[in-house]
Amino acid sequence: MVQTNPRILSVDDFLALYGEEDQFDQYELIDGEVTDVEPTGLHEQVIGFIARKLNVEIDRLSLPYVIPHRCLIRVSEQTALRPDVVVLDKTQLVHEPLWQYQPVITSGAAIKLIAEVVSTNWQNDYARKVEDYALLGVPEYWIADYLGLGGREYIGKPKQPTITLCQLADDLYVKAQFRAGDALVSQVFTELQLQAEAIFAAGQL
């Protein structure tokens, strides 16, 4: 991610400036600073794979969930994050004041799961977003580090591809890590059968 504007903005300012359809996917706001989201093609492959697997489970179980193509999560007055994958409970969207007009979520009530695919700016995924999503009350947060980019304090030594599943207990996340040979264990999708290695493979040509 590359900072594109030094001006400190509120989320309302950000939506007014960058809310047009042709720009909406490109930016997020962190502490009032606009950042340009520049994913690679391989990054997008992993996002698509995770979303597809979760959609299959949603359809199989007829769950009232939806995975929007575009979504912005308003965390505070000066922070609006754009998760790579977000699972929303459609029954709760009636309480979202902006949803009928813009794909913007303003509370954690409708969010069932968020997945972030790690890029070179891994510090945000492992530190900042862990805190923000926990405070918002997101029940489950996946950190899909398919290249093993995160710091050793987060994924161990030697560094290797790792999926970190953060599950909310009170207002803090309990973390479990999954690597090659491990099957993910989700509390939101309890019947999900997904190998960590399949996610890693999705990020290869």
>> Testing PRO64 on (1) surrounded by 14 or more Cβ atoms within 10 Å (Cβ to Cβ); (2) closer than 27 Å to GLN193 by Cβ; (3) touching a helix residue (DSSP H, G or I) at 6+ places or on another chain (Cβ under 9 Å), one condition comes back false. Which one is that?
In response: (1)
> What pairs can you find where one residue is in region 41-58 and within 13 Å of PRO83 (Cβ to Cβ), the other is β-branched (Val, Ile, Thr) and assigned to a helix (DSSP H, G or I), and their Cβ atoms are less than 8 Å apart, with a gap of 6+ or different chains?
Replying inline: ILE50/ILE199
> Any idea which residue in region 93-120 is surrounded by the most Cβ atoms within 10 Å (Cβ to Cβ), counting only those that are farther than 18 Å from LEU29 by Cβ and either in contact with a Lys or Arg (Cβ under 9 Å, 6 or more places away or on another chain) or small (Gly, Ala, Ser) (or both)?
Replying inline: ALA115
> Any idea how many residues of region 39-59 are under 15 Å from the mean Cα position of the chain (by Cα) and in a loop (DSSP other than H, G, I, E, B)?
Replying inline: 1
>> Based on this model, can you work out whether LEU98 counts as in contact with a Ser or Thr (Cβ under 7 Å, 6 or more places away or on another chain) and part of a loop (DSSP other than H, G, I, E, B)?
In response: yes
> On the given criteria, is ASP125 of a type outside the set (A, V, I, L, M) and either surrounded by fewer than 21 Cβ atoms within 10 Å (Cβ to Cβ) or in contact (Cβ under 8 Å) with a residue 40 or more places away in the chain (or both)?
Replying inline: no
>> If I ask for residues that are in contact with a strand residue (DSSP E or B) (Cβ under 9 Å, 6 or more places away or on another chain) and within 14 Å of ALA202 (Cβ to Cβ), which ones from region 21-41 would you list?
In response: PRO39
> Residue check, LEU63 against (1) in contact with a Ser or Thr (Cβ under 8 Å, 6 or more places away or on another chain); (2) of a type outside the set (Asp, Glu); (3) part of a loop (DSSP other than H, G, I, E, B); (4) modelled with pLDDT of 95 or more, all met but one. Which one?
Replying inline: (1)
>> Checking ALA80 against (1) assigned to a helix (DSSP H, G or I); (2) touching a strand residue (DSSP E or B) at 6+ places or on another chain (Cβ under 7 Å); (3) among the small types (Gly, Ala, Ser): exactly one of these is not met. Which one?
In response: (1)
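Identify all residues within region 153-170 that are under 19 Å from PRO139 (Cα atoms) and either assigned to a strand (DSSP E or B) or in contact with a Pro (Cβ under 6 Å, 6 or more places away or on another chain) (or both); write none if there are none. So that I can check it myself, show each step before the final result.
Narrowing region 153-170 to residues under 19 Å from PRO139 (Cα atoms): 163-170.
Answer for region 153-170, where residues must be under 19 Å from PRO139 (Cα atoms) and either assigned to a strand (DSSP E or B) or in contact with a Pro (Cβ under 6 Å, 6 or more places away or on another chain) (or both): ILE163, THR164, LEU165, CYS166, GLN167, LEU168, ALA169.
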>> If the requirement is being among the β-branched types (Val, Ile, Thr), without any contact (Cβ under 8 Å) to a residue 24 or more places away in the chain and crowded, with 20+ Cβ neighbours inside 10 Å, which of these qualifies: ILE155, ILE199?
In response: ILE155
> Counting just the residues of region 171-189 that are of a type in the set (A, V, I, L, M, F, W, C) and not in a loop (DSSP other than H, G, I, E, B), which one comes out farthest from the chain's Cα centre (by Cα)?
Replying inline: ALA183
>> Restricting to region 81-111, count the residues that are of a type in the set (A, V, I, L, M), without any contact (Cβ under 8 Å) to a residue 24 or more places away in the chain and touching a Leu at 6+ places or on another chain (Cβ under 6 Å).
In response: 1
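The values are calculated or read from the model by the stated rules, or taken from the named source; none is laboratory data. Just so it is clear, the model here is predicted, and its values are computed rather than measured. Neighbour counts are summed over all protein chains in view; Cβ atoms, including those assigned to glycine, are modelled from backbone coordinates with ideal geometry.
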